[in-house]
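Working notes for the structure below.
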Amino acid sequence: MPPQTVSLPSSSPPPAPPSLAKDAADAVPRIVPVRRTGRWAAAVAVLVLLALALNSVIRNDAFQWDVVLAYFATVPVLRGLWLTLWLTAVVMVLGFALGALLAVLRLSGNPVLQAVSWGYVWLFRSTPILVQLLFWFNIGALYPQILGVSTVSLLGPVTIAVIGLTLHEAAYAAEVVRGGILSVERGQIEAAQSLGLGPWRRFRRIVLPQAMRSIVPPAGNMLIGTLKGTSIVSIIAVQDLLYSVQLVYHRTYQVIPLLLVATIWYAAVTTLLSIGQRYVERYYARGTAGAR
């Protein structure tokens, strides 16, 4: 006789009645997204205003876009642009070289060197750059000759612009470099000293790579500011980008379109520098939370 199988009762609870299951589903709270009506209304209003402003700029004949296009890539404008870029590069290199030296003097243990560095930064940050340029432009009134050479023939407008902008830039660069060095933890330097690294190697391999994370962002801003600030040298007849377009509109009386030419060139170069600054910041911030 074959064995009989005995069915055991199931351990799972019996299904709930349909009415109870429906009530349980209705009891679960639903997540309803917040309706941000004000945010969307503000976005629409801003877009409408931007469209109206753009339309007025494009359709306003007073801007003379045909004249802007005609003078945008002319030889005088491109020559002035090249001088602006050259002046920016030279001033940044010389300014940061002098600024780094001032920062080292400020961080040294010598009170005399500290006082000299502090006094330099205080003096050149307290004086407007226009006043400094005019002072250097009239330096011949104080020193008619330097080493037997006439100051007027020795210091041309471009040389005066380089000297004035460099000395002004170095004061700000010194504070940027000093802040970057101070951002490095003291334990990093002590660890390098315990490994027997010399001062120069310790600075180049340990301090500088970490300090660059704090130096690059303000240095990039200074670079962009210097590019735009070079336009002030037009006051001493240096033929930069602004002075070049001024020479044209003094002859043609087309002030607005020529100023637009300079504005577009400044905006284009500034945009390229901003993009480069972003990649440089990402390079020095690799491995940090900001880079991730």
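Please determine whether any residue of the stretch 143-156 is under 22 Å from ARG106 (Cβ atoms) and of a type in the set (S, T, N, Q).
So far as the stretch 143-156 goes, no, none of its residues is under 22 Å from ARG106 (Cβ atoms) and of a type in the set (S, T, N, Q).
Would you mind listing the helices (runs of 4 or more DSSP H) fully within the stretch 49-156 where at least 3 residues are under 19 Å from LEU258 (Cα atoms)?
65-71, 75-107
Restricting the search to the stretch 131-153, which residues are surrounded by 14 or more Cβ atoms within 10 Å (Cβ to Cβ) and not hydroxyl-bearing (Ser, Thr, Tyr)?
Scanning the stretch 131-153 gives GLN132, LEU133, LEU134, PHE135, TRP136, PHE137, ILE139, GLY140.
Yes or no: VAL121 out of contact with any strand residue (DSSP E or B) (no Cβ under 9 Å at 6 or more places or on another chain), of a type in the set (A, V, I, L, M), under 30 Å from LEU208 (Cβ atoms) and surrounded by 14 or more Cβ atoms within 10 Å (Cβ to Cβ)?
Considered against the rule, which asks whether it is out of contact with any strand residue (DSSP E or B) (no Cβ under 9 Å at 6 or more places or on another chain), of a type in the set (A, V, I, L, M), under 30 Å from LEU208 (Cβ atoms) and surrounded by 14 or more Cβ atoms within 10 Å (Cβ to Cβ), VAL121 comes out as yes.
Considering each residue of the stretch 232-248, count those that are open to solvent by 30 Å² or more (accessible area, probe 1.4 Å) and free of Cβ contacts under 8 Å to residues at least 60 places away in the same chain, and give that number.
1
Name every residue in the stretch 168-182 that is open to solvent by 60 Å² or more (accessible area, probe 1.4 Å) and modelled with pLDDT under 90, in order of residue number.
Scanning the stretch 168-182 gives a single hit, LEU182.
For (1) open to solvent by less than 30 Å² (accessible area, probe 1.4 Å); (2) of a type in the set (S, T, N, Q); (3) over 25 Å from the mean Cα position of the chain (by Cα), each residue gets a yes or a no:
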| residue | (1), (2), (3) |
| --- | --- |
| TRP200 | no, no, yes |
| ARG204 | no, no, no |
| THR263 | no, yes, no |
| ARG286 | no, no, no |
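Select from the stretch 160-204 the residues that are part of a loop (DSSP other than H, G, I, E, B) and under 28 Å from MET92 (Cβ atoms) and list them in ascending order.
SER183, VAL184, listed by residue number.
The values are calculated or read from the model by the stated rules, or taken from the named source; none is laboratory data. Nothing here was measured: the structure is a model prediction, and the numbers come from that model. Methodologically, a virtual Cβ is constructed for each residue, glycine included, from the backbone with ideal geometry; neighbour enumeration extends over all protein chains shown. Quick note on the areas: whole protein, heavy atoms, side chains included, nothing else; ligands and nucleic acids left out. Shrake-Rupley method; radii C 1.70, N 1.55, O 1.52, S 1.80 Å.
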